[in-house]
């Protein structure tokens, strides 16, 4: 176990150094959620009404959940890039654990996400978002966001190792922007047609967004919602656990097969 931790730490350090040498990527990933907050909050905010709360109080937790789901895109692109550029071939020559490389990649993404979430929260507070929940609740909400990001990144890593092409992964990654649109991240699901509401409420992003709103002291989820949204904290934990249970072994197995 200590060997895996050491090897994963070495891979994690490599990814952090790569981020340091590509500041444009960091700026882009941090500015995009902030831009969306300002755009949705001020352009659409006056036209959208959320019962019981201001729209920006509803929107910021949804954007935080969308940022966590963005781990699919980053994991997919980074894994495919490493495969196509021969980085995986270099790791193949080293006596490393099969778990170390994907774990180091996902760990680096988790650390950068923890830091990059802060600017979005600060801008959210500046435009009127307020945290009314307790300190343990806020810490719990942040923990759920990181847990889901970690799980989503494992899904993306598996997809990237499967695709093995940087350009194709980038194109497919842009399609993940649709996922928050099919959730309660930006708009309530109450006014949706029944079939679309069912799809949106069983979207894992909906449970995460509802959990962040609830723990932050926002409006409680509707009791007639689907189970993951009606019980958002438990739903978020279960969705994240299911993704980890499924895609950690799949990603490790796929990485091992890429070395054959």
GNM of the chain, Cα pairs under 10 angstrom: of 61, 228, 119, the biggest fluctuation goes to 119
Expected max-MSF residue from 41, 86, 13 in the GNM of the chain (alpha carbon, under 10 Å) is 86
Once both label points are put 7 Å beyond Cα along the C-beta direction, the residue 4-residue 125 separation in nm becomes 3.8 nm
Taking Cα atoms only, helix 71-84 is inclined relative to the longest principal axis of the chain by an angle, in degrees rounded to 10, of 20 degrees
Exposure-ranked with fewest Cβ neighbours within 10 Å first, 97, 66, 236 stand as 97, 66, 236
Between residue 256 and residue 114, the two model label points (7 Å from Cα along the beta-carbon direction) sit apart by a distance in nm of 2.9 nm
Given (1) -0.32, -0.94, -1.05; (2) -0.38, -0.95, -1.04; (3) -0.31, -1.03, -1.19 as possible values of log10 I(q)/I(0) by the Debye sum over Cα atoms at q = 0.08, 0.14, 0.15 Å⁻¹, the one from the coordinates is (1)
Final fewest-first order of 150, 58 on the 10 Å Cβ neighbour count is 150, 58
Out of 201, 214, 54, a Gaussian network model of the chain with alpha-carbon springs under 10 Å gives the largest mean-square fluctuation to 54
In degrees rounded to 10, the 0-90 angle between helix 23-39 Cα long axis and the longest Cα principal axis of the chain is 20 degrees
Taking the chain and counting helices only, DSSP H stretches of n ≥ 4 at -39,500 (n - 2.57) each over all residues, the nearest-500 ellipticity at 222 nm comes to -24000 deg cm²/dmol
For the pair residue 222 and residue 171, the simple spin-label estimate (label points 7 Å beyond Cα toward Cβ) gives in nm 3.9 nm
For the chain, longest principal axis from Cα atoms; helix 232-258 axis from its Cα atoms; angle between them, nearest 10 degrees, is 20 degrees
A correct fewest-to-most ranking of 227, 239, 154, 195 by other Cβ atoms within 10 Å would be 195, 227, 239, 154
One finds the C-alpha centres of region 212-246 and region 99-138 to be spaced, in Å, by 18 Å
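Each value in this text was obtained by applying a stated rule to the coordinates, not by laboratory testing. The shown structure was predicted, so the numbers you read here are calculated from the model rather than taken from an experiment. Cβ atoms come from the backbone with ideal geometry, glycine included; neighbour counts cover every protein chain shown.
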